[in-house]
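A short write-up of the structure that comes next.
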Amino acid sequence: MSLISEPAARKEMLEVGHRLYDKGFVVATDGNLSVRMGRGRFLVTRSGVCKGDMTDRDLVICDQNGQTIRGGRVSSEVLLHLAAYRLVPI
């Protein structure tokens, strides 16, 4: 499994969030996005952000327990994302 660099992950996350919003798959602050960047490091969308208006400031780095390493507050939904990542070890 190839892991993504933080700059590439940020760029991709913003593009995907904007496309999801533009196509009507998410509205307002629906849902969250995440990507595993390495062992114990995840890039996730900040709590309460509109994917159509998302900027780099709306992305948070957290650890495998959902604790913020850098950025804003993560959504409680991040625990579901992290459980899924635990099922697919790197």
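The values are calculated or read from the model by the stated rules, or taken from the named source; none is laboratory data. In this text, all values refer to a predicted model and were calculated from it rather than measured experimentally. Heads up, the Cβs are rebuilt from the backbone with ideal geometry, glycines too, and the neighbour counts pull from every protein chain shown. Calculation scope for accessible area: heavy atoms of the full protein, side chains included, ligands and nucleic acids excluded. Shrake-Rupley method; radii C 1.70, N 1.55, O 1.52, S 1.80 Å.
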*Considering only the stretch 54-73, state which residues are open to solvent by 20 Å² or more (accessible area, probe 1.4 Å) and in contact (Cβ under 8 Å) with a residue 40 or more places away in the chain.*
55, 56
*Output the number of the condition that residue 84 fails; it satisfies all remaining conditions of (1) in a helix (DSSP H, G or I); (2) surrounded by 13 or more Cβ atoms within 10 Å (Cβ to Cβ); (3) of a type in the set (Gly, Ala, Ser).*
(2)
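For the stretch 31-53: of the residues being farther than 25 Å from residue 89 by Cβ and out of contact with any strand residue (DSSP E or B) (no Cβ under 8 Å at 6 or more places or on another chain), which is most open to solvent (accessible area, probe 1.4 Å)? Lay out the reasoning, then the answer.
First, the residues of the stretch 31-53 that are farther than 25 Å from residue 89 by Cβ: 46-53.
Still in the list and also out of contact with any strand residue (DSSP E or B) (no Cβ under 8 Å at 6 or more places or on another chain): 48-50, 52-53.
Numbers: 48: 54, 49: 8, 50: 26, 52: 24, 53: 112 Å².
Here the residue is 53.
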_Can you find, within the stretch 1-30, the residue that is least open to solvent (accessible area, probe 1.4 Å) among those that are touching a helix residue (DSSP H, G or I) at 6+ places or on another chain (Cβ under 8 Å) and assigned to a loop (DSSP other than H, G, I, E, B)?_
26
